[in-house]
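> Supplied in structure tokens, the structure appears directly below.
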Amino acid sequence: MLEITDLHAEVAGVEILKGINLRVDAGEVHAIMGPNGSGKSTLANVIAGNPSYRVTAGTMEFEGEDLATMAPEERARRGVFLSFQHPVEIPGLRMDHFIRAGYNAVMKSRDEDQLDPLKFDRLIRAKAKVVEMDATLTKRAVNEGFSGGEKKRNEILQMAVLEPKLRILDEIDSGLDVDALRSVSASVNELMGPDKATLLVTHYERLLTYIVPNQIHILMDGRIVASGGKELAREIEAKGYDWLAEQQSA
């Protein structure tokens, strides 16, 4: 589904990604781990098409098509979804109106039926149940006054409604207590499918207790320096990242 080859990218003239190679197939969950500043969120933003980041070399293919030639909104319509590490508040814009606009844009791009407010209300209420979210929150302004857990659950609600093929979840565990993490993770697992792929960006092994990846990749200084199964995350939890840095410099 996603194939990245020798990807280099910069922000504000500074090279952050220095040759990323990554393949994620449909039905798979891959986790990206690494220390602060290693390029994890940069990779997520580059795939989603954030214009602040510039690809300088390499390729990104999504279902065989060149992602780099697509505008961010085109990537979203094709099924690329990014859950933000720090979801923003949008005062004055009701959440259900916001999500309906995105949903109908996707439907229009596929020549499928768009939903009027009443039909969409039924849809979003059903999806709110799936992600265990209070449906009354969808009548409030986007993320305004939401707790950290509610903001993250709102991101998952958007994912549930839009049903993207490639879901990039950038530190959905940050700021969550144990109960909220367990609940949000359960919602993510509920939305898995054989035609969908998930890329998890995280610092901590605890998230991978609830969302089990097919493969874990360690990103350091803009490069993937190690890949493996869940035992790799346990090593990181026990030893930190220094031992990998020492291996790379040896």
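The values are calculated or read from the model by the stated rules, or taken from the named source; none is laboratory data. Just so it is clear, the structure is predicted and the values come from calculations on it, not from any experiment. So basically every Cβ, Gly included, is an ideal-geometry build from the backbone, and we count neighbours across all protein chains shown.
> Answer yes or no as to whether residue 235 is outside any helix (DSSP H, G or I), charged (D, E, K, R) and surrounded by 14 or more Cβ atoms within 10 Å (Cβ to Cβ).
Answer is no for this residue.
> Follow-up. Could you list, in sequence order, the residues of the stretch 122-158 that are within 26 Å of residue 192 (Cβ to Cβ), among the acidic types (Asp, Glu) and either outside any helix (DSSP H, G or I) or modelled with pLDDT of 90 or more (or both)?
Hits for the stretch 122-158 are 132, 134, 155.
> Further question: Taking the stretch 187-209, which residues are part of a helix (DSSP H, G or I) and under 14 Å from residue 169 (Cα atoms)?
Listed by number, the residues that qualify are 187, 188, 189, 207, 208.
> Can you list the strands (runs of 3 or more DSSP E) lying wholly within the stretch 11-79 that have 2 or more residues being more than 20 Å from residue 202 (Cβ to Cβ)?
14-24, 53-62
> Within the group 5, 69, which residue is within 20 Å of residue 81 (Cβ to Cβ), over 19 Å from the mean Cα position of the chain (by Cα) and polar (S, T, N, Q)?
69
> Of the residues 171, 237, 150, which single one is within 21 Å of residue 40 (Cα to Cα) and without any contact (Cβ under 8 Å) to a residue 40 or more places away in the chain?
From the options 171, 237, 150, the qualifying one is 237.
> Would a scan of the stretch 144-166 turn up a residue that is more than 17 Å from the chain's Cα centre (by Cα), surrounded by 22 or more Cβ atoms within 10 Å (Cβ to Cβ) and β-branched (Val, Ile, Thr)?
Checked the stretch 144-166: no residue is more than 17 Å from the chain's Cα centre (by Cα), surrounded by 22 or more Cβ atoms within 10 Å (Cβ to Cβ) and β-branched (Val, Ile, Thr).
> So in the stretch 118-133, with the set limited to residues that are surrounded by fewer than 15 Cβ atoms within 10 Å (Cβ to Cβ) and in contact with a helix residue (DSSP H, G or I) (Cβ under 7 Å, 6 or more places away or on another chain), which one is farthest from residue 75 (Cα to Cα)?
132
> In the stretch 129-160, how many are more than 19 Å from residue 92 (Cβ to Cβ) and in contact with a Gly (Cβ under 8 Å, 6 or more places away or on another chain)?
Summing the residues that are more than 19 Å from residue 92 (Cβ to Cβ) and in contact with a Gly (Cβ under 8 Å, 6 or more places away or on another chain) in the stretch 129-160 gives 3.
> While we're here: Restricting the search to the stretch 107-121, which residues are over 30 Å from residue 182 (Cα atoms) and part of a helix (DSSP H, G or I)?
Answer for the stretch 107-121, where residues must be over 30 Å from residue 182 (Cα atoms) and part of a helix (DSSP H, G or I): 107, 108, 109, 117, 118, 119.
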